[in-house]
Structure formats: C-alpha cells, structure tokens
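The values are calculated or read from the model by the stated rules, or taken from the named source; none is laboratory data. As the structure is a computational prediction, the values presented were derived from the model and not from experiment. We place every Cβ from the backbone using ideal geometry, glycine too, and count neighbours over all the protein chains shown. These area figures cover heavy atoms from the full protein model, side chains too; ligands, DNA and RNA do not enter into them. Shrake-Rupley method; radii C 1.70, N 1.55, O 1.52, S 1.80 Å.
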Amino acid sequence: MAKIIDGKKIAASIRSDCKIRVEKLKDESGVTPGLAVILIGEDPASSVYVRNKIEACKAVGIKSSSYRHDADITTDELVVLIEKLNIDPEVHGILVQLPLPPHIDMERVLETISIDKDVDGFHLYNVGGLVVGKMVFSPCTPYGVVKMLESENIPVEGQNVVIVGASNIVGKPMALMLMARDATVSICHAKTRDLAQFTILADILVVAAGVPNLIIPQMVKTGAVVIDVGINRLPNGSLQGDVDFEGVSKKASYITPVPGGVGPMTVTMLLVNTIEAAERHAVQK
Ligand code: GUN
C-alpha cells in the first residue's frame with residue numbers, strides 16, 4: 001500500500017514558518033506583507049479558491065485586499081487597476097484569478113503585473129526565467145509539488161517523470177522545474193496516443209489533466225510516486241482527483257489524496273511567494 005502524502009500536514013508546517021517570517025518582518029522593518037487578489041466574474045470554483053487564499057493570508061498575518069469586478073469589465077479597466085497596484089507600496093503581491101472572461105486579453109493583463117509582484121509566476125519574464133533558471137517567482141502549484149517531494153525525501157535527479165497535462169499553470173512549469181532538478185521529463189496531453197505507454201514508465205507520475213479517474217492501476221508502474229493535481233467536482237458535489245485513488249494506492253509507493261493533497265500546497269506557496277516579495281521590498285527600502 002502506498003504511503004499517503006499528507007498535503008495538509010506539510011502545508012501546515014510551512015504555514016507556521018510563514019507566520020514566524022511575517023512577524024519577524026513586521027518587527028524588524030515595519031513591513032506587513034500585502035497581497036491584492038483580483039476576481040473577475042462569478043465562476044463558483046474561482047470564488048472558492050479566492051476565499052481560501054484570503055483566509056490563508058489572514059491566518060499567517062498577510063494583509064490581503066480583494067478586488068471583485070463584474071464579468072463585463074474591459075481589459076483597459078483591468079490594466080488600470082493593476083497599474084495602480086503596481087505602484088502601491090503596501091501591495092507586495094498581485095494575483096489575478098484565472099480563468100478570465102473570454103473577451104479579456106489575458107496575456108496583456110498578466111504582462112501588466114510588475115515582475116516583482118508576480119507571485120503567481122505567470123508573467124512572461126518569470127515563465128522565461130523558469131527555462132533558464134532565473135525566475136523571480138515559481139508558479140504555486142508546481143512549486144507545491146516540488147515541496148511535497150522534498151518533504152518526503154523523494155529523489156528527483158535521474159528519475160523518469162511523466163506529466164499528464166501541458167497547461168501553462170501546471171504541466172509546463174512543472175516540467176521545467178523538474179528538468180532543472182535533473183529529472184528525465186515527458187509531457188503528455190489530450191492528443192497523446194496511448195497514454196499508458198508513457199505513464200507506465202514513470203518513477204514519478206504527475207497528473208494535471210482535469211479528467212476524473214483518468215489514471216487507473218494498469219497505467220502505473222509498481223512502486224511509482226503518484227501526484228494527483230486534479231480537482232474535479234462530481235455531480236453529487238464531491239471532489240475527485242484525476243487518479244483512481246483506491247486502485248492506484250495499492251500499486252504506488254507514494255500517492256497524494258484529493259482533497260488534502262496538492263490543493264493546500266498551492267495556497268501555501270502563494271503565501272511563501274508573497275512573503276518573499278515583501279522581504280525583498282523591505283531590503284530595498
Ligand atoms: N486558476 C487555477 N489555478 C490558478 C492559480 O494558481 N492562480 C491563479 N491566479 N488562477 C488560477
């Protein structure tokens with residue numbers, strides 16, 4: 001039976017470090033880390049994620065401010081809001097919750113965020129930095145996965161890593177971060193033929209496809225480490241990952257549950273990035 005990687009527990013331990021860092025920063029430089037969260041429209045999942053982020057900030061002493069706008073806001077209006085936040089000395093991190101309504105020019109919005117405040121790591125500078133190892137901030141979900149592997153002392157160097165899902169938010173940055181740690185990385189996606197032919201080779205399998213129960217035991221090598229990034233809400237309201245947890249946990253050496261796996265780590269790494277942004281700001285003051 002696989003060991004369950006308890007994301008809640010790892011997140012709680014990092015969050016208690018966050019609290020200490022925030023207190024130290026306040027004491028030593030009078031700076032309170034500030035995060036601005038922008039939510040456009042009424043997407044129910046986004047509303048839940050934003051609420052979680054704001055509550056997590058509060059719990060560690062980060063001052064969050066939220067900006068909610070109707071879905072009919074224009075790209076220009078959103079750009080003006082971000083430009084204001086870019087020069088606000090009390091705001092150290094800016095997060096625009098995705099997805100944005102289709103009429104908004106997402107690339108222009110993300111490119112407007114100051115790279116020093118881009119705590120999601122979605123600005124082109126940070127994306128490019130991931131390629132050459134010079135980013136300011138790592139994207140929160142893959143960063144959280146790296147921290148989970150570290151926390152369990154799971155080696156990455158020389159391992160076969162297979163990532164299912166090639167999104168800009170998870171799959172692509174995940175691949176780059178694990179390549180930077182000398183893994184041999186394959187990326188699969190919706191058009192990949194015979195997915196199992198790849199997944200069966202994985203020492204570490206990271207699944208971020210958004211398809212419930214996509215990964216079944218026959219697709220997993222005995223002893224593999226299986227990281228499930230999927231969060232799918234089923235019609236009965238329950239949450240389900242991309243991995244058949246029951247079946248695969250009999251074959252894997254480590255597995256992450258949903259909920260309680262990668263989810264709490266994503267929010268935690270946002271806190272870490274925000275505190276880091278504030279610490280850098282305090283040094284420059
Ligand atoms: N939507 C889904 N995941 C994320 C994330 O990590 N950051 C933001 N801003 N939006 C998201």
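Values as computed for the structure displayed
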{"quantity": "The chain: relative contact order in percent, alpha carbon pairs under 8 Å with at least 6 residues between", "calculated": "23 percent"}
{"quantity": "Sequence-distant residues sharing a close amide H with V164 (under 5 Å, placed H)", "calculated": "C188, V206, V207, A208"}
{"quantity": "Relative contact order (%) - criterion: Cα under 8 Å, at least six apart; region: segment 109-234", "calculated": "19 percent"}
{"quantity": "Cut-off under 5 Å, modelled amide H: who pairs with N232 long-range", "calculated": "Q240, G241"}
{"quantity": "Anchor K251: lysines whose Cα lies under 21 Å away (excluding residues fewer than 8 positions away in-chain)", "calculated": "K3, K221"}
{"quantity": "Protein accessible area in segment 33-136, 1.4 Å probe - carbon and sulfur %", "calculated": "57 percent"}
{"quantity": "Where the chain is the region considered: accessible area per residue in Å², 1.4 Å probe", "calculated": "48 Å²"}
{"quantity": "The chain: angle of helix 171-180 to the longest principal axis, Cα-based, in degrees nearest 10", "calculated": "80 degrees"}
{"quantity": "Estimated FRET transfer efficiency when R0 is 41 angstrom, pair I154-I115 (beta carbons, to 0.05)", "calculated": "0.85"}
{"quantity": "Phi-based couplings in Hz for segment 67-78 (Karplus 6.51, -1.76, 1.60; Gly and Pro marked x)", "calculated": "10, 10, 9, 5, 5, 8, 4, 8, 4, 4, 5, 5"}
{"quantity": "Flagged links, alpha-carbon separation over 32 Å, of K8/K84; K134/K250; K53/K172", "calculated": "K8/K84; K134/K250"}
{"quantity": "Equivalent ellipsoid dimensions for segment 164-250 as semi-axes, Å, which come from the Cα gyration tensor, largest first", "calculated": "21, 16, 12"}
{"quantity": "Dimensionless Rg over Rh [segment 182-231; C-alpha; Kirkwood]", "calculated": "0.91"}
{"quantity": "Potential extension, K8-T184 segment - 0.36 nm per residue separation minus Cα distance", "calculated": "60.5 nm"}
{"quantity": "Bins of 5 Å from zero: percent of alpha-carbon pairs in segment 1-129", "calculated": "2, 10, 18, 19, 19, 14, 9, 6, 2, 1, 0"}
{"quantity": "Relative contact order %, segment 144-212, counting alpha carbon pairs below 8 Å whose residues are six or more apart", "calculated": "40 percent"}
{"quantity": "Amide H within-cut-off set for K221, under 5 Å, with H built and near neighbours excluded", "calculated": "A202"}
{"quantity": "Relative pair counts by distance (%), Cα atoms of the chain, 5 Å bins", "calculated": "1, 6, 12, 16, 18, 16, 14, 9, 5, 2, 1, 0"}
{"quantity": "Additional length obtainable on full extension of the chain from A71 to I216, 0.36 nm per residue less Cα span", "calculated": "48.4 nm"}
{"quantity": "Acute angle (nearest 10 degrees) that the helix 44-60 long axis makes with the longest principal axis of the chain, alpha-carbon atoms", "calculated": "70 degrees"}
